[in-house]
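*Asks:* Pasting in a structure now, in structure tokens, and then I'll have a few things to ask.
The values are calculated or read from the model by the stated rules, or taken from the named source; none is laboratory data. Every value quoted in this text rests on a predicted model; they were computed, and no experiment measured them. Here the Cβ positions follow ideal geometry from the backbone for every residue, glycine too, while neighbour counts run over all protein chains shown. These accessible areas exclude ligands, DNA and RNA; they are computed on the full protein's heavy atoms, side chains included. Shrake-Rupley method; radii C 1.70, N 1.55, O 1.52, S 1.80 Å.
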Amino acid sequence: MRKFLIPVLMGIVVLALTDWYFITAANHAYEEKIKILSVMIEEQEKGADSLVTAAGLLKGIPDSSGEVGEEKLKSYGYLQEQQNWFGLERKTSVRNTVLFSAAVYLLYLLSLGYLHWQCRNQWQRELKILSRTLDKFSKHIYELDIPEQLSGREKELDRIAGQLSALSEQLRYNEERLKAEREETRSLVTDISHQLKTPVAGLKTCFEILSQGDLSPEEEQDFLEQCRRQLAGLEALVGSLVNISRMETGMIEIRQEPADILETLVAAVNRVYLKAEEKQIAIEFEETEDLKPTIISHDVKWLCEAFINILENAVKYSPGNTKIHIRMMRLTTFLRIEIEDQGIGIPRENYHKIFKRFYRGEEEEVRKAEGSGVGLYLTREILEHHSGSVTVSSQYGKKRQGSTFVVQIPYD
């Protein structure tokens, strides 16, 4: 309502000034007519020709001021407004001017009222649109039916509509992210349950058999060894889950410092050397002269863990009396490390799957081998924290000529 107060006051001022102008003009015209009559009467009393006097008035050079003629008109009562036609005409003109102005102002007020009514209805319609939008938001429906511009005159509503549009996108994104997190959590719980089910069932069976007490010392020792292996598997699984959880929640901080990456890779080889030796698998290091020095900023502990996971898989899924080749190449912007084994190979359709959490292949050799399916996932996470990457290529078929894991780490 305040927006229309100024136009109302401005209308009053404009009409008042207009009326003042026309009324002043009417008074001036009346005075001019009386003066002309007064001059003509005065000149006629002096014996002047009326035509000559009129001609002089038309030229604007009257011979007298007309004061004597005006006094004579006044003495006869002709200057009273009710006694002369010019006065009545002036009164009528003033009255018509006031009435016309009042009519114009009334139409102006009606136009303002209609405009106010239109704006008020539009405001209410737009508020209903915003209200419906908020109701949809409360029902997790993030669809907007708001026009691009609610009202050209209501900048506040335009701003609110823009904010609601941004809020809709943010809520939709949050909703999708929460849904994805719920699905991921459900999948994680299922995977963990599946991973725990086998060792727990194995331990339960072993303990039930051991509790019967009718076993020979050799059998008892065999079941105890099975219990040990199952517990070792559970310990490795829990450790991997802890590392994944800490990595994803940011509890593990990757601290990159300049260090010789060749020494980090050698440390990883030393960690898997005994397992490789048990299967008579040789690990051969192919180093070229242009790799020295190999100082790259990285977290020695966690990058070593990433290399260990790749090497352990190479040892685990390779037959005995084979070799693992490690090659390092300095390229323009990054260091390339290839770890090639002579194992069972990986189908092409599984290249991207093996880096997923808890994924294990469908091959019989994979199912028989111990593992939790988190090592390569953790490797990928560690390398991404180093702004690096890990990929795999493989020769998979009847001959099964092995796989090659390629690690790329950018220079500082």
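*Asks:* Specify the residue that is surrounded by the fewest Cβ atoms within 10 Å (Cβ to Cβ); the eligible residues are those in the stretch 309-320 that are assigned to a helix (DSSP H, G or I) and either of a type outside the set (Val, Ile, Thr) or in contact (Cβ under 8 Å) with a residue 60 or more places away in the chain (or both).
*Replies:* Residues of the stretch 309-320 assigned to a helix (DSSP H, G or I): 309-316.
Retained after the next criterion (residues that are either of a type outside the set (Val, Ile, Thr) or in contact (Cβ under 8 Å) with a residue 60 or more places away in the chain (or both)): 309-314, 316.
On the way: 309: 23, 310: 24, 311: 24, 312: 17, 313: 25, 314: 27, 316: 19.
Only one residue fits best here, namely 312.
*Asks:* Does residue 282 meet the test of being open to solvent by less than 10 Å² (accessible area, probe 1.4 Å) and either over 19 Å from residue 380 (Cβ atoms) or of a type in the set (A, V, I, L, M, F, W, C) (or both)?
*Replies:* Working: open to solvent by less than 10 Å² (accessible area, probe 1.4 Å): no; either over 19 Å from residue 380 (Cβ atoms) or of a type in the set (A, V, I, L, M, F, W, C) (or both): yes.
Here the answer is no, as residue 282 does not meet what is asked.
*Asks:* Could you please find all residues in the stretch 116-126 being open to solvent by 70 Å² or more (accessible area, probe 1.4 Å) and either in contact with a Ser or Thr (Cβ under 9 Å, 6 or more places away or on another chain) or touching a residue at least 24 places away in the same chain (Cβ under 8 Å) (or both)?
*Replies:* 123
*Asks:* Could you please give the count of residues in the stretch 210-228 that are open to solvent by 100 Å² or more (accessible area, probe 1.4 Å) and under 21 Å from residue 196 (Cβ atoms)?
*Replies:* Of the residues in that region, 1 qualify.
*Asks:* Find the residue count for the stretch 368-393, including only residues that are open to solvent by less than 40 Å² (accessible area, probe 1.4 Å) and modelled with pLDDT of 85 or more.
*Replies:* If we filter the stretch 368-393 for residues that are open to solvent by less than 40 Å² (accessible area, probe 1.4 Å), which is where we start, we get 369, 371-379, 381-383, 386, 388, 390, 392.
Of the ones still in play, those that are also modelled with pLDDT of 85 or more are 376-379, 381-383, 386, 388, 390, 392.
Matching residues across the stretch 368-393 total 11.
*Asks:* Something else: With respect to the numbered conditions (1) modelled with pLDDT of 70 or more; (2) open to solvent by 100 Å² or more (accessible area, probe 1.4 Å), which one is the sole condition not fulfilled by residue 45?
*Replies:* The number of the failed condition is (1).
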